[in-house]
Every structure is written in C-alpha cells, then in structure tokens.
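Beneath this line is the structure, given in structure tokens, with notes to follow.
The values are calculated or read from the model by the stated rules, or taken from the named source; none is laboratory data. Remember, it's a predicted structure, so these values are computed and weren't measured experimentally. A quick note on method: Cβ atoms are made from the backbone with ideal geometry, for glycine too, and the neighbour counts reach across all protein chains shown.
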Amino acid sequence: MAVHFKQVAIIGVGLIGGSLGMILRRKGLADHVVGVGRRVENLKTAVVMGAIDRYVADPQEGVRGADLVVLATPVDTYERHLREWAHCLTPGAIVSDVGSVKGTLVERSEAVMPAGVYFVGAHPIAGKEKTGVAAGSDQLFKGARCILTPTKRTDAAALERVKQLWAEAGSVVLTMDPYLHDQILGAVSHLPHVAAFALMNALAELRDQQVPALDLAGHSGGGLRDTTRIAASSPEMWRDIFLWNRDNVVSYIDRYGRALEELKQLIKAGDAAGIEKLLERAKGEREKLQTPLPGNS
C-alpha cells in the first residue's frame, strides 16, 4: 500500500514544494494539502494548478493537524520557521524539507523538534533555473535522485514514510550522512553555481567597463548559454546555500581558482603542449560523467 497522509502542509509553494503538492493530490497520497507562503498570487496559482487544496497566511494555522510538514523555503529560514510553529504539531507528525544543504541545518532542525515530532532531512535533486509553482510539474522528480540524510536521532518509521513518499514521486531514493551530503553537493552542485554566477558577473563587468560595445545576448552562442544556464537560478536560495555550506564552498573555490591559475599560466607562457594536455584531461573527465538524471543540476 502506498504511503498516505491525512494532511500535508507545504511551507513555500514554489517549484519544488508545488510539484510535490501536485503529486500528493493527483496520486491520492494525502487527503488534504495546505499551502503556506508569502505571495498570495503564487498561492492562488498553486490552487489553480492543483498543487494545494487551500492556502493560509498564518503558518501556525497551516500546520495544525498536519501529519507531514514540508519546508520548501530558503534554508536560512528553517530554524525561524520551526521555532514559530513546531509547538503546534501533534506527536507523530513528521517535518521534512527539500533543501540543498544539510549538515548543521539538520542538527539544528532536530534540536527544536517537540517531543514525539520527527525531522527527516531530504534533498530532491530536481531543481531548475525557473522558480515558482507555475514552473512546477508532477513529473519533476521522475528518475531524479532524492537524498535522505538521517542521523542517530532520526525515527526509523518516519524515515521509511518519507522514503516511500519520494519513491512514489518517481525519485531514486538514497540515504547519506548529512555532512557527507554537503561535501559532495558542494563539489558537484554548489561550485558549478558559483562558477556560473561569477562568469556572468565577469562578462558584465567586461562589457560595462572595458568593451562597451560587447553585446552578450546578441553574440553569445550555445557555449555561453549552456555554461551559465544555472546563473538564472534564485539569488535568494543560492545566497543561503553558499552561506550554510561555506566551509566546503570556500575550499572548492580555492581549488577551482588554482585550476584557473594553472591554465592562465600555460596560456600566458604560450605552452601549447601544456594547454592541450590540460584540456585533454578535462575532456576525459567530462566524458566519464554519466548521463545526468532528469533535473540534476
């Protein structure tokens, strides 16, 4: 029998939260789905798209009676949210999330859980550069990885229910230590976003200060668009991800900087053989990558 919830509250009905709501309702995994958010127009759209049954402005009202609450807001807001309404939850309720950072965030979330209420960290790797529930889909998680990050404090039954939920959403569900999650995702997701944001800012500075006639949009080809697609992602969300995973991100930026400097020095020296060797290595590493799962970025 598929996992089932009586009432699910989604805090932050955007791309991820809204897509999950669509799945919950269309597959009959919840009797009632309540949306909580800041923007009324987005919440109205969520109702029209079938992501939620209704919405409320007061999160305490939204979570009362819920046996599952999903945090789908920027990760920096988690602790504030939980302190505001966790006491309204009844024993047995599960709180989960969809954030791209775990580690300390999971520990702090667990620490503010009332007795008998369980936190299960989750990260569906299915985002895209578009935001808002209007970009959502009940197919968003199909075939994509979802990493659950249990700790010694995680309730086994709650973990199993969250695992079943994401399996029903079509995800390939994995479990991982929350700190290992941040190390891995820092390298394969957070650093690429750093690079994309920084590259677009460097090009904009070049255009504005050195080459005023440089037309980025008019003359860019597929290479620039492919390389910087993720720079169109939510600044608010990625600000918080970078800060909450700062130690790993800063370390990886240093490593990336050394790789750029190495290539720079070879180009400066006119070392054709050295450049080609470096590029061949990069090409080989790129070819080793598996075909990415849907939505993985």
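Structural remarks
- Enumeration of residues in the range 6-23 that are farther than 13 Å from Met49 by Cα, surrounded by 19 or more Cβ atoms within 10 Å (Cβ to Cβ) and not small (Gly, Ala, Ser): Gln7, Val8, Ile10, Ile11, Ile16
- Test for Lys142: is it of a type in the set (Lys, Arg) and touching a Gly at 6+ places or on another chain (Cβ under 8 Å): yes
To keep it simple, each residue is scored yes or no on (1) assigned to a loop (DSSP other than H, G, I, E, B); (2) touching a helix residue (DSSP H, G or I) at 6+ places or on another chain (Cβ under 9 Å).
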{"position": "Lys6", "(1), (2)": "no, no"}
{"position": "Leu20", "(1), (2)": "no, yes"}
{"position": "Gly28", "(1), (2)": "yes, no"}
{"position": "Gly35", "(1), (2)": "no, yes"}
{"position": "Asn42", "(1), (2)": "no, yes"}
{"position": "Thr45", "(1), (2)": "no, yes"}
{"position": "Ala51", "(1), (2)": "yes, yes"}
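- Taking the listed residues Ala115, Ala2, the one that is closer than 25 Å to Pro178 by Cβ, over 22 Å from the mean Cα position of the chain (by Cα), hydrophobic (A, V, I, L, M, F, W, C) and outside any helix (DSSP H, G or I) is Ala115, with no other qualifying.
- For the range 100-123, the condition holds for no residue, the condition being that it is closer than 24 Å to Asp58 by Cβ, of a type in the set (Val, Ile, Thr) and in contact (Cβ under 8 Å) with a residue 40 or more places away in the chain.
- Entirely in the range 160-269, the helices (runs of 4 or more DSSP H) that have 3 or more residues that are free of Cβ contacts under 8 Å to residues at least 24 places away in the same chain: 191-205, 216-219, 222-228, 246-269
- Matching option when the condition is among the basic types (Lys, Arg), under 23 Å from the mean Cα position of the chain (by Cα) and in the same structural domain as Asp97 (by TED's automatic domain parsing), among Arg39, Arg64, Arg54: Arg39
- Candidate set: the range 86-112, residues that are surrounded by fewer than 16 Cβ atoms within 10 Å (Cβ to Cβ) and within 18 Å of Glu160 (Cβ to Cβ); chosen: the one farthest from the chain's Cα centre (by Cα): Pro91
- In this entry, Lys130 is excluded by the filter for residues that are surrounded by 22 or more Cβ atoms within 10 Å (Cβ to Cβ) and either of a type outside the set (Gly, Ala, Ser) or assigned to a loop (DSSP other than H, G, I, E, B) (or both).
- Taken together, the residues in the range 64-95 that are of a type in the set (Phe, Trp, Tyr) and more than 16 Å from His123 (Cβ to Cβ) amount to 1.
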